[in-house]
Amino acid sequence: MTATSQPPFSPEEIAKEGIKPQEYQEIVQRLGRHPNKAELGMFGVMWSEHCCYKNSRPLLKQFPTTGERILVGPGENAGVVDLGDGLQLAFKIESHNHPSAVEPFQGAATGVGGILRDIFTMGARPIAILNSLRFGNLEDAKTQRLFSGVVSGIAHYGNCVGVPTVGGEVYFDPAYSGNPLVNVMALGLMETPEIVKSGASGIGNPVLYVGSTTGRDGMGGASFASAELSDQSVDNRPAVQVGDPFLEKSLIEACLQAFKTGAVVAAQDMGAAGITCSTSEMAAKGGVGVEFDLDKIPHRETGMIPYEYLLSESQERMLFVAHIGREQELIDIFVRWGLNAVVAGKVIEEPIVRILYQGEIAAEIPATALAENTPIYNRELLAEPPEYARKAWEWTSDNLPPCTHEGIQIKGKLQTWNDILLTLLDTPTIASKSWVYRQYDHQVQNNTVMLPGGADAAIIRLRPIEEEKGMGGQGDKETRGQSKIQNPKSGVAATVDCNSRYVYLDPYEGAKAVVAEAARNLSCVGAEPLAVTDNLNFGSPEKPIGYWQLAEACRGLAEGCQELSTPVTGGNVSLYNETFDAQGNPQPIYPTPVVGMVGLIPDLTKICSLGWRSQNDIIYLLGLPIQSQIPNISDQNIERTQSQIPNLKSKIELGGSEYLATIHNTVAGKPSRVDFDLERRVQQCCREGIRQGWVRSAHDCAEGGITVALTECCINSKLGAEIRLDLPASNSQRWDEILFGEGGARIIVSVALEQQQIWEYYLQEQLKDNWQKLGEVGNSQTNLGIFTTDNKTLINVTIENASNHYYQAITRRLAVHQQ
């Protein structure tokens, strides 16, 4: 059939594969003929946004990707960083948004399985999982079903496979009502002598299919993930994969054992696009071809055709290239673990993917046409910010009702600051996520140093690595199984962060704030930020506003990572996160560029939690100060009184804040701009204070501002605090801005009384005026009291009352629905 003849497919059939008319013409040109059904499906999944990043790749080029600790950057299954002492960490984040919207349990569960395969495919043993979740209003029954299903799916897979889920974040906003976000990050410690790459090599080397059988589940999942959701998306349940965590556990052990034999040339997991993706990517990266016989594939359903084999996304499957002559050695390992392993193909010189079925060629496509030389869309950026942003930026705090030290009038009724605080603590986004993490096994493997909810980042002990002479246990019997302790005190910290409301209002500044907050969270536990993996969750890039949000956020992420010396090692792009309502109107999510960041802790005895440690410890604010009359230095010769503090207009903002959204039902304003110089200095001071033993607790100020942060420190420790704040310096400064404003690179720390003088000297030297003494820690009977320096009460709540609101917010909403 010639390229000029009538296409064998209708426009509807082509569109169903996610292929645009101009892309179909490009396929015909590259093949010199029309594709068959199987080939059309292969192009459909490989040219989807999920696989080829055709709308985002030009924007990703601006990310910094190199650094002295970066061993593997973007392009492989996961990034790898050097932790020193012979230790190497693999880490990656991926999304499973659309599958979780249709089938929340399996969608989330297989998201966990997929990211774990990315880690152990590199030769690393998975040691931790984190997740970043977004849902609609928790009062809504559909949201509760999605929320419960996703959390159950993550818990099921992670708990069964034996990898601890140690941290994460959960946000609730109506913007995610129809399109929840499920982003999963995994970390692994390298166990193999060499990092396992995915590029095939060695003409004639056998290609092995290992793991589970192939079925019809997950058909076209990559294309499904690259399209908007609609009321008919429930019909795409076959595009949602079904996972088996117990089989994956066997696959982890078998793969790591196989890699240690030295018989594996390259490895690739079968994730999105299944056999199509793994064969084409391995061939393209190696500059070779792959011939693959579908008749050899273990299958669990009868009557499958090439199209179904090639597009199936059945889980727990891998593709290996082995050294010729050593394939049986590998097969025996997988058989011992109760897994399938067959030679299903070979590496060929011609750079094509040739698929055989029943003795005939079922598909034959140049490998690069599928995996590298894919369509790229350089879209035009809006000349100015869109109208919604410009209108939102017009908002100022002058639009709010006046307030006093007593509270604020809302709809004719005085809301005290106590009322406001308790309402914020009862907001699911701010409230404790204990209902979530109590379902996760966060202590399996016995390396979790900081439990969920206890600090601003997760901390994992780096278990000593095994030293083996030879491969696969072939060495000296006296050395097999023994451990070589590299640094028994070292650990790794990890966090996932994104305030998507900031990014919605100002994608550039909001994205910079995401990077800054992630690094700040790591610094609060004493970790040195090292590197980033990102998950870009956005709406349609084909719409001018959607592309503007994506482009500006990428610019902000690139700048943030450059400024904080945290290169990007890889990640995931999830676009078309939009829901069509019954009238066909698209409803995009907030732009949500989630940043997963890892940091190194050289000494696990020098870390911090967020709760106060002891009564009478002194509480400090690092970062942009609130003016105070409390002396900051005990030495009267260098006392800093109110008269010596510059009369600076506060840069703390209510724009985009949780207070503004929750209390005033307003999403407007500009989020606080990031001062990277101040961020670097504040974070360095916090880390140094922890390592010197001066700082006893640390917690960053995020949603809800300084008041919510102080309350969380009290709740976590069950100790009160007495804080004194000065009256606003001018009429332009409001009490709600002081109490609940956000931004300013701020961290709250507590320090023992005997360390006060050396700590304050250090702060004065490093931060100049960007710090402040706030008050002191009380006892278990003390309230959280925030007072003015002339003894007016701003906040005075019992820790018990605050805790009830904080811990019961999510549980109470779910219980109401269940009744």
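Could you work out how far helix 327-336 tilts from the main Cα principal axis of the chain, as a 0 to 90 degree angle to the nearest 10?
Once rounded, one gets 60 degrees.
Helix 507-524 sits at what angle to the longest principal axis of the chain, using alpha carbons and giving 0 to 90 degrees rounded to 10?
Here the helix axis deviates by roughly 80 degrees.
Note down, for the stretch 236-343, the three equivalent ellipsoid semi-axes (square root of 5 times each alpha carbon gyration tensor eigenvalue), biggest first, whole angstrom.
One finds semi-axes of 22, 18, 13 Å for the stretch 236-343.
Quick check: residue separation of Gln583 and Ala815 times 0.36 nm, minus the Cα distance between them. What number comes out in nm?
Length difference between fully extended and current span is 80.2 nm.
Bin width 10 Å, alpha-carbon pairs only: give the P(r) of the stretch 109-153 as whole percents, running from 0 to the bin holding the largest distance.
Going from the shortest bin to the longest, the percentages are 23, 40, 24, 12, 1.
For each pair in Lys142/Lys411; Lys489/Lys773; Lys512/Lys670; Lys489/Lys606; Lys391/Lys411, compute the distance between the two Cα atoms and list the pairs where it is over 21 Å.
In this structure, Lys142/Lys411; Lys489/Lys773; Lys391/Lys411 lie more than 21 Å apart at Cα.
Angle between the Cα long axis of helix 104-120 and the longest principal axis of the chain, 0 to 90 degrees, nearest 10?
Value to nearest ten degrees: 80.
With a point put 7 Å past each Cα toward its Cβ, work out how far Asp85 is from Glu384 in nm, to one decimal.
Going by the 7 Å Cα→Cβ label model, 5.7 nm.
Spin-label point model (7 Å from Cα, Cβ direction): what's the Glu688 to Thr605 distance in nm?
Simple spin-label model gives 2.3 nm for this pair.
Could you state the orientation-averaged shadow area of the convex hull built on the Cα atoms of the stretch 577-619, in nm² to one decimal?
6.9 nm²
Round to the nearest 0.05 the FRET efficiency obtained for Ser5 and Arg673 when R0 = 45 Å and r is the Cβ-Cβ distance.
Given R0 = 45 Å and the Cβ-Cβ separation, E is 0.15.
Where the convex hull is taken over the Cα atoms of the stretch 172-217, what is its projected area averaged over directions, in nm²?
Projected area, direction-averaged: 7.5 nm².
How much length is gained on full extension from Phe246 to Glu13, taking 0.36 nm per residue of separation minus their Cα-Cα distance?
Taking 0.36 nm per residue and subtracting the Cα distance, the gain is 80.1 nm.
For the chain, with the dipole built from +1 on Lys and Arg beta-carbon atoms and -1 on Asp and Glu ones, taken about the Cα centre, which of Val749, Phe292, Tyr659 lies farthest toward the positive end?
Of Val749, Phe292, Tyr659, it is Val749.
Heavy atoms only, probe 1.4 Å: what % of the accessible area of the chain goes to carbon and sulfur, would you let me know?
47 percent
Could you state the per residue volume, in Å³, of the convex hull enclosing the Cα atoms of the stretch 8-83?
111 Å³
Could you give the length gained by full extension between Asn616 and Glu765, i.e. 0.36 nm per residue of separation minus their alpha carbon distance, to one decimal place?
Result: 51.2 nm gained on full extension.
Take the stretch 65-113, compute every pairwise Cα distance, and split them into 5 Å bins from 0; I just need the percent in each bin.
5, 19, 20, 13, 12, 13, 10, 6, 1
Eigenvalues of the Cα gyration tensor times 5, then square-rooted: what semi-axes does that give for the chain, in whole angstrom, largest first?
Equivalent-ellipsoid dimensions as semi-axes: 49, 30, 22 Å.
Restricted to Cα positions, what overall size does the stretch 517-591 have along the principal axes? Three whole-Å values, descending.
Ordered largest first, the stretch 517-591 gives principal extents of 51, 21, 17 Å.
Under a 1.4 Å probe, what is the accessible area of the chain per residue, stated in Å²?
Result: 36 Å² per residue.
For the chain, with only Lys/Arg (+1) and Asp/Glu (-1) charged at the beta-carbon, what is the dipole magnitude about the Cα centre, in debye rounded to 20?
In total the dipole reaches around 760 debye.
What is the Å³ per residue value for the convex hull set by the Cα atoms of the stretch 663-703?
76 Å³
How big is the stretch 302-451 by Rg and Dmax over its Cα atoms, in Å?
Answer for the stretch 302-451, Rg first and Dmax second: 30.3, 83 Å.
Convex hull volume of the Cα atoms in the stretch 670-819, per residue, in Å³?
Spread over its residues, the Cα hull of the stretch 670-819 gives 159 Å³ apiece.
In Å, what is the Rg of the alpha-carbon atoms in the stretch 36-173, and how long is Dmax?
Values for the stretch 36-173 (Cα only, Rg and Dmax): 17.4, 53 Å.
Can you list the lysines whose alpha carbon is less than 29 Å from that of Lys197, not counting same-chain residues fewer than 8 positions off?
Lys54, Lys61, Lys92, Lys249, Lys260, Lys285, Lys296, Lys346, Lys469, Lys484
The values are calculated or read from the model by the stated rules, or taken from the named source; none is laboratory data. What you are looking at is a predicted structure, and each value in this text was computed from that prediction instead of being measured. Neighbour counts run over all protein chains shown; Cβ positions are idealised from the backbone, glycine included. All accessible areas refer to the heavy atoms of the entire protein, side chains included, with ligands and DNA or RNA removed. Shrake-Rupley method; radii C 1.70, N 1.55, O 1.52, S 1.80 Å.
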